[in-house]
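**Q** The structure follows.
The values are calculated or read from the model by the stated rules, or taken from the named source; none is laboratory data. The structure displayed is predicted, hence computed values, not measured ones. Cβ sites come from the backbone with ideal geometry, for glycine too, and all protein chains shown count toward neighbours. Note: accessible area is taken over every heavy atom of the protein model, side chains too, but ligands, DNA and RNA are not part of it. Shrake-Rupley method; radii C 1.70, N 1.55, O 1.52, S 1.80 Å.
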Amino acid sequence: MSTALVTGGSRGIGRAVCLALARAGYDVAFCYSKDEGGARETLRLLEETGAGAQPFLCDVTDESAVKEMFSALLGLEILVNNAGISRSGLIQDTSFAEWKKIFSVNTDGAFLCTRQAVPALLRRGGGCIVNISSIWGETGAACETAYSASKAALIGFTKAAAKELAPSNIRVNCVSPGMIATDMNAVYTKEEREGFVKAQPVAREGAPEEVAAAVVFLAKSRYITGEVLRVNGGALI
Ligand code: NAP
């Protein structure tokens, strides 16, 4: 049994990753913290693929809930740290609580899940972890400093964990998406989103499925670790 756990699977990129991994032959578990309706829909779509499917109501910032989720998982081979939140605002308008909230989901959540996954992957003899960072973690976004910093931290975490875990046959990689059409960007108008992507070589938003394909590629690429795979229409060339 090969199980993949995707955090933040109730919509957007996480849901697409769940479905792509199911179609690639994995049983899929996923978690979410609030979006019950979205989680039901992901479960329904997963069941249509015929793969095993297991939803967890689990906030990745809750240490004991994360432990409980991992204790209920069988056959873990892949962890995708996808759960994330964003917030726009000037530095001087960002409260310390908001800064910490962004880090707690985007960075601490990935650490807490990875810490629980490693012993299971060691028992299995190996596996892989894919972290979902962001173009802003690579290049920085004005008015999104907390988000950018939390996603940059995830890249550092990926590289360090890749070195630490490679001798145990556990690969750790990152996918760094550009502007992807999900609810996360619903705060921007259509014009703002078009303005962002029009200077890119591939001048359109990406689809969640295009990020999911990169996750499956990394899951299957046994000689790639510590890598940051950009899925951004060439935005950083
Ligand atoms: P989204 O549509 O807002 O989905 C976010 C997912 O994360 C939801 O399933 C949400 O479910 C879950 N989540 C949020 N907080 C959580 C928590 N504390 N515990 C567990 N689950 C939690 O966002 P998305 O665009 O798909 O983004 C997915 C990932 O890609 C994020 O890490 C994001 O930073 C990254 N990314 C997105 C873009 C983009 O343009 N969309 C670009 C670069 C990187 P609940 O609401 O139920 O908790």
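**Q** Past 20 Å, Cα to Cα, is the threshold; run Lys100/Lys190; Lys100/Lys151; Lys100/Lys159; Lys67/Lys163; Lys159/Lys220 against it and keep the listed order.
**A** From the list (Lys100/Lys190; Lys100/Lys151; Lys100/Lys159; Lys67/Lys163; Lys159/Lys220), the Cα-Cα distance tops 20 Å for Lys100/Lys190; Lys100/Lys159; Lys67/Lys163.
**Q** Here's something else I'd like to know. Kirkwood Rh and Cα-based Rg: tell me the resulting Rg over Rh for the chain, rounded to two decimals.
**A** Answer for the chain: 0.95.
**Q** If amide hydrogens are placed 1.01 Å from N in the peptide plane, which non-local residues have theirs closer than 5 Å to the one on Glu144?
**A** So Glu144 has HN proximity to Gly89.
**Q** May I ask you to give the average projected area over all directions of the convex hull of the Cα atoms of the range 1-107, in nm² rounded to one decimal?
**A** Its Cα hull, projected and averaged over all orientations, spans 6.9 nm².
**Q** Counting helices only, and only those DSSP H runs with n ≥ 4, report the 222 nm mean residue ellipticity of the chain as the sum of -39,500 (n - 2.57) divided by its residues, in deg cm²/dmol to the nearest 500.
**A** The helix contribution divided over the chain gives -14000 deg cm²/dmol.
**Q** Where the only charges are on Cβ atoms (+1 Lys, Arg; -1 Asp, Glu), what is the dipole of the range 77-135 about its Cα centre, to the nearest 20 debye?
**A** Charge dipole, the range 77-135, about its Cα centre: 200 debye, nearest 20.
**Q** Then there's this: Could you work out the relative contact order of the chain? I mean the mean sequence separation of Cα pairs under 8 Å and 6+ apart, divided by the number of residues, in percent.
**A** Relative contact order comes out at 19 percent.
**Q** Given H placed 1.01 Å from N in the peptide plane, which residues other than close sequence neighbours of Ala29 have an amide H under 5 Å from its amide H?
**A** Under 5 Å from the amide H of Ala29: Ala4, Leu5, Val6, Gln54.
**Q** For the chain, set up a Gaussian network in which alpha carbons nearer than 10 Å are linked by springs, and say which option among Gly206, Gly195, Gly126 fluctuates the most.
**A** Gly195
**Q** Measure out, as a whole number of angstrom, how far apart the alpha-carbon centroids of the range 202-237 and the range 96-165 sit.
**A** About 16 Å separates the Cα centre of the range 202-237 from the one of the range 96-165.
**Q** Next question. Just reorder Lys151, Lys190 by solvent-accessible area, largest first, 1.4 Å probe, all chains present.
**A** Lys190, Lys151
**Q** Any idea what the dipole of the chain comes to, in debye rounded to 20, about its Cα centre with Lys/Arg Cβ at +1 and Asp/Glu Cβ at -1?
**A** 600
**Q** I'd like the orientation of helix 208-220 relative to the chain: the angle between its Cα long axis and the longest Cα principal axis, in ° from 0 to 90, rounded to 10.
**A** Taking the Cα atoms of the chain, the angle to 208-220 is about 40 degrees.
**Q** For helix 12-23, what angle does its Cα long axis make with the longest principal axis of the chain, in degrees from 0 to 90 and rounded to 10?
**A** Tilt of helix 12-23: around 30 degrees.
**Q** If you take the Cα atoms of the range 151-237, find Rg, then find the Kirkwood Rh from the mean of 1/r over all pairs, what is Rg/Rh?
**A** When Rh is taken as the Kirkwood radius, the ratio is 1.05.
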